[in-house]
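Everything on this sheet refers to the single structure shown next.
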Ligand SMILES: Cc1ncc(C[n+]2csc(CCOP(=O)(O)OP(=O)(O)O)c2C)c(N)n1
Ligand SMILES: Cc1ncc(C[n+]2csc(CCOP(=O)(O)OP(=O)(O)O)c2C)c(N)n1
Ligand SMILES: [Mg+2]
Ligand SMILES: [Mg+2]
């Protein structure tokens, strides 16, 4: 059974802050490995990296218990890690190996982990919104106190199913939190060209409680999430959390020349001024919780861990071809 | 070319008021004939009557020119008549006859009339919302000054395509007016059980200008519509007009025993206290424009006209079976 | 079918009874759909269920087919066994992403981690004077998608047993019900039973020609068989009952025996299920066939409203009889 | 194909040229889709068009496939000739109501009053390591719906001529493009031309076996034909080019001549287009066939991500060769 987090704790305890920092570093390191795998031509297909957006997944998932559900997107490595999946089996999945979470059948865009409540990444923009809402329907029906978090990019604001789902979630007071990761771009188009009106007005129109938070500040994300999760567990219904954030690299690993849709300067500004890891590290150091050396050690440790995980994934075998016809039906 | 109506005229001229009254009476009389055709077992299928809602279609269409477009719904006879279609060919369509507007192929739920800009009724709830938006896209692209009106019931608020369409309409400032006919019921379910939040918040969330009007007051509907049409023609973009109204009879002609979802008392109250025809007639009489006898004459005249139209439709032939394979492709 | 026939139920009553039994047996079974509760659907098939099971289990939804189908998928993944009601089969158009990209693929894409034990009930069939958007039989779309199961019951007995099996199945299963058949009566045992998904049923044994018919076309085929009998042609009527999984064996063996076959389904004629069924028969019985397999479906046109036109679009006892006689006369 | 071959274009370039020519010729042609303007789509097929025609005619849309497809329908009814871009064919799931219930039926339901001269361009095909929701070939769904036309070009020459014909057609036409083929080169005349919708093309003449192949499978069939030639089997490769309308005559005549046929398409194997194509051949050439028509399609499973698994799901030159050889050895 999930233990409710008390959202009144505005002072986040040290253990939690360190854990969140570690998680963010892990995601960054994971994504750097993914990019390397791509550059080394070891990865099939094109992955969508989460670098720059770490504080969102980490802050949200920190407010969840292991039993709570998440649904994720094509840019889903961060969510998967933050919810507790292991990097080695994740890399294995990204390489299409049998040891991967989905036996290699899902890959980057469909990674899922039943043990940590990850209902799966989704390659259809908005494709998991109704699913997350349905998971919340179950929770309410079964009285099991679970909360369901639906991550999606601001591009999914274009999909009608979001509004259909929010309407039902509010009508039925379902414990679901819609987390909109606004990284300002739908692929290669700025969201202002695809999004009329004010984003927060959309959930509000359906009576869904809506808030906005700085998606580069993991403490702020966690605090908001904890409050909304608590609210949902108390039966007060769905919420919408808009997290403004930024993806550092291309839409996918192959999107290198981006200047036709966004400037290097804009990218640089986010990286130097708004980096969620730097921000969190500075705060930890300023608060006297860790020093720079400890931070560096942590990074080194995590990098080493990721390298080992990659090695495992690279060396572990592909599924046998006979597996292609397995698991079509349960 | 459509002539813009000046929305500043708050005093609606007498000719217009009489024409609107006549149109409302025609729709009521038409629908009574439809019900008779059903009871006489002359009509194939089940029609959805517009009785009680006349002021909406009439007030809106009065603000449109012949070139302007409308899209309509399963409850579409009123829209079709108000936009200018002839009752005889409409009845013929409802009976599946060759002389019908669609050669009998469409029937009640698909009646259309190119000559009056009626892009068609639609049997998919919300099915014509994107179509109406597309017609407005054409108007803007072709600079032909046409406005497009999309009628739909409040049930269509459940369809995601409404939000997708309103978003694009606002982004591209399309001359489309979304007219939500809130008659309080989605078939057999009260709209409060299917609709979270405030209806007007929904268009507003997309930046779409939104207003509410008493759908039983044809003058009010016309005045609001004229203003919104004028606004759209000036290039100021889409609008949403919420018209509160009531259907007097069942969801369709066969929906006789309705007490499990709405009380006789509620029905009675709308009929006696909020009838749009009565309301308009009272005003015309009070204003000294007509007297009761003239009103009665008008009703008799229209009834006679409708009876003739029905006779025509009943006696005119079905299409030949060879027509079944015609017009699948243009 | 068991020996003791206790009573007759209509097709609609058999559906209601299947749902009620499964809901009593398993509290995880819930119904989601438009006007399913007090109204019991426009077809009144669910009448009474909300009274027994309450509005938490018989849930009226907004008119949001995509949304509540997806909610069904998510609920199925997390412990419930939802039965999603799509009033007219024509509205599955709105659910195709949820069904084909989500429901059908979740189990496979997750390497078997997540399951989607959900049922979609919807309708098919024309001749109700409901025109082009309320008369289609679009089951071929679902049959084409691996990961889904598709059920096409043709009798009260079959629909009860198959629907119960569908609810217990751990996969997304779509049940197509012929709107015109809800009032059809037939024997249904009082004792509980299920029918395995994937087994055809020979609705009438015969020697000269095989008529494979689905759903609404089974009664048509049986009627044609009676007419054929009068002119000395013995027709075997095979009802696949479930289109996926498909009991190829029974179809092929029947065709091998009779050496002639017609396949009838109310979906549009082209690129529909008759093509698959005919191909399966040809592949399995080619060297036994005297004639190519004939296919009959809805005429390849949007269903017209006008009664004489609409009636021309669907196979009838007469048209099936004519095709069968022609096939048998070419010896 | 005309005699004088001026130059080679890629499949993608041929598409771009077709669009540019039609947009120059007819100002009513507009493009709607996600990332179609500056980005020129993720496949870069539309690169440069917004520069020539401006953002009013090459319109970036929100990620609202249902919405902008419906807007295309409405715009087509009212004077434009929209070309709607659906990035991955898997996303047509979201447009099925707009396409099947609206676009396909408007002309018929209105008794011919309204027309929908619109084109949908979308993609098909696996082996791009894009997994189950970005690898499907779902054209069978559209083929099943009367009122739609479905085009499956397999060469730069064909795609240019057919796309131009589609844009000039007064009906909703869907063009499926194989994602893996955008870089494929082939001769395209400098002179303007169109290709009539509904005419098959014999891509290779042969005597012993007919291989009917669509879109991505045409090159596979041609490769298999070369392998077959080496063992003395002369294969005729027939490309229907448009699945609806379908040039049945050319398919049937080829099968009559060779007396054996294989049908290959990248859609899922069951209840897909191969069933229809095989049935048409059986119906038309039954008494000339030595063997049942073989069907080959994508394995009936969601497309897996893992490369060795994904590669196993689609027909290859080798697997086509094997099936053809087996068919021909049974004499
Ligand atoms: C329904 C659908 N349409 C289009 C796409 C192609 N696509 C993949 S990601 C993407 C942009 C998504 O933008 P956003 O939701 O903001 O997420 P981000 O990539 O920025 O994280 C698009 C258009 C898709 N996967 N699904
Ligand atoms: C997509 C879709 N879902 C369900 C239906 C069945 N249906 C027909 S009318 C209707 C209720 C519509 O309510 P509303 O939009 O308020 O219009 P009203 O009938 O009240 O005028 C429903 C559910 C349909 N036609 N289309
Ligand atoms: Mg984004
Ligand atoms: Mg209503």
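The values are calculated or read from the model by the stated rules, or taken from the named source; none is laboratory data. Given the structure is predicted, the values throughout are model-derived calculations rather than measurements. Glycine gets a Cβ as well: all are built from the backbone with ideal geometry, and neighbour counts include every protein chain shown.
Let's see how each residue does on (1) within 25 Å of residue C:138 (Cα to Cα); (2) in contact (Cβ under 8 Å) with a residue 40 or more places away in the chain; (3) within 16 Å of ligand 2 (Cβ to nearest atom); (4) crowded, with 24+ Cβ neighbours inside 10 Å:
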position: D:7; (1), (2), (3), (4): no, yes, no, no
position: D:36; (1), (2), (3), (4): no, yes, no, yes
position: D:58; (1), (2), (3), (4): no, no, no, yes
position: D:70; (1), (2), (3), (4): yes, no, yes, yes
position: D:77; (1), (2), (3), (4): no, no, no, yes
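Residue-wise test of (1) within 14 Å of chain B (Cβ to nearest Cβ); (2) touching a helix residue (DSSP H, G or I) at 6+ places or on another chain (Cβ under 9 Å); (3) under 22 Å from residue C:276 (Cα atoms).
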residue: C:83; (1), (2), (3): no, yes, no
residue: C:88; (1), (2), (3): yes, yes, no
residue: C:129; (1), (2), (3): yes, yes, no
residue: C:147; (1), (2), (3): no, yes, yes
residue: C:154; (1), (2), (3): no, yes, yes
residue: C:168; (1), (2), (3): no, yes, no
residue: C:175; (1), (2), (3): no, yes, yes
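Does residue D:50 count as crowded, with 24+ Cβ neighbours inside 10 Å and modelled with pLDDT of 95 or more?
Taking the combined requirement at face value, the residue does not satisfy it.
Just the residues that are over 16 Å from residue C:87 (Cα atoms) and either within 16 Å of ligand 4 (Cβ to nearest atom) or within 14 Å of chain B (Cβ to nearest Cβ) (or both), please, taken from region C:6-48.
Across region C:6-48, the qualifying residue is only C:48.
Tell me, which residue of region D:302-319 that is surrounded by 18 or more Cβ atoms within 10 Å (Cβ to Cβ) and part of a loop (DSSP other than H, G, I, E, B) is farthest from the other protein chains (Cβ to nearest Cβ)?
Looking at residues that are surrounded by 18 or more Cβ atoms within 10 Å (Cβ to Cβ) and part of a loop (DSSP other than H, G, I, E, B), I get D:315.
For residue A:262, state whether it is in a loop (DSSP other than H, G, I, E, B), crowded, with 20+ Cβ neighbours inside 10 Å and out of contact with any helix residue (DSSP H, G or I) (no Cβ under 6 Å at 6 or more places or on another chain).
Spelling it out, it is not the case that residue A:262 is in a loop (DSSP other than H, G, I, E, B), crowded, with 20+ Cβ neighbours inside 10 Å and out of contact with any helix residue (DSSP H, G or I) (no Cβ under 6 Å at 6 or more places or on another chain).
Can you report the number of residues in region B:115-134 which are outside any helix (DSSP H, G or I), in contact with a strand residue (DSSP E or B) (Cβ under 7 Å, 6 or more places away or on another chain) and at the interface with chain D (Cβ under 7 Å from one of its Cβ atoms)?
2
Just need a number here: residues in region C:256-301 that are over 17 Å from the mean Cα position of the chain (by Cα), within 8 Å of chain D (Cβ to nearest Cβ) and in contact (Cβ under 8 Å) with a residue 40 or more places away in the chain.
Looking only at that region, the number is 1.
Can you find, within region A:221-248, the residue that is farthest from ligand 2 (Cβ to nearest atom) among those that are in contact with a helix residue (DSSP H, G or I) (Cβ under 7 Å, 6 or more places away or on another chain) and closer than 22 Å to residue A:36 by Cβ?
A:248
Condition first: out of contact with any helix residue (DSSP H, G or I) (no Cβ under 7 Å at 6 or more places or on another chain) and over 22 Å from residue A:154 (Cβ atoms). Now tell me which residues in region D:49-66 satisfy that.
Start the filter on region D:49-66 by keeping residues that are out of contact with any helix residue (DSSP H, G or I) (no Cβ under 7 Å at 6 or more places or on another chain), which leaves D:50-51, D:54-55, D:59.
Within region D:49-66, D:50, D:51, D:54 qualify.
Of (1) under 24 Å from residue D:291 (Cβ atoms); (2) modelled with pLDDT under 95, residue C:257 satisfies all except one. Which?
(2)
When region B:311-330 is examined, which residues are found to be more than 10 Å from every other protein chain (Cβ to nearest Cβ) and in a helix (DSSP H, G or I)?
B:311, B:312, B:313, B:314, B:315
I need the helices (runs of 4 or more DSSP H) fully contained in region D:1-115, keeping only those with at least 2 residues that are in the same structural domain as residue D:144 (by TED's automatic domain parsing) and within 26 Å of residue D:131 (Cα to Cα).
Helices (runs of 4 or more DSSP H) meeting the threshold: D:11-25, D:65-77.
When the residues of region C:95-109 are filtered to those that are within 19 Å of the chain's Cα centre (by Cα) and within 16 Å of ligand 2 (Cβ to nearest atom), which remaining residue is nearest to the other protein chains (Cβ to nearest Cβ)?
Restricting to residues being within 19 Å of the chain's Cα centre (by Cα) and within 16 Å of ligand 2 (Cβ to nearest atom), the top hit is C:96.
Just one of (1) within 12 Å of chain B (Cβ to nearest Cβ); (2) closer than 21 Å to residue D:215 by Cβ trips up residue D:70, so point out which.
All conditions are met except number (2).
From the list C:174, C:202, pick out the single residue that is part of a strand (DSSP E or B) and over 26 Å from residue C:35 (Cβ atoms).
Just one listed residue meets the conditions, C:202.
Could you name every one of the helices (runs of 4 or more DSSP H) located completely within region A:1-101 that has at least 2 residues being surrounded by fewer than 24 Cβ atoms within 10 Å (Cβ to Cβ), touching a residue at least 12 places away in the same chain (Cβ under 8 Å) and in contact with a helix residue (DSSP H, G or I) (Cβ under 9 Å, 6 or more places away or on another chain)? Give the steps one after another, and end with the answer.
On the way: elements: A:14-39, A:54-62, A:77-82, A:87-94.
In region A:1-101, A:14-39, A:87-94 are the helices (runs of 4 or more DSSP H) which contain 2 or more residues that are surrounded by fewer than 24 Cβ atoms within 10 Å (Cβ to Cβ), touching a residue at least 12 places away in the same chain (Cβ under 8 Å) and in contact with a helix residue (DSSP H, G or I) (Cβ under 9 Å, 6 or more places away or on another chain).
Do the conditions hold for residue B:178, that is, is it more than 10 Å from ligand 2 (Cβ to nearest atom) and surrounded by 24 or more Cβ atoms within 10 Å (Cβ to Cβ)?
In short, yes.
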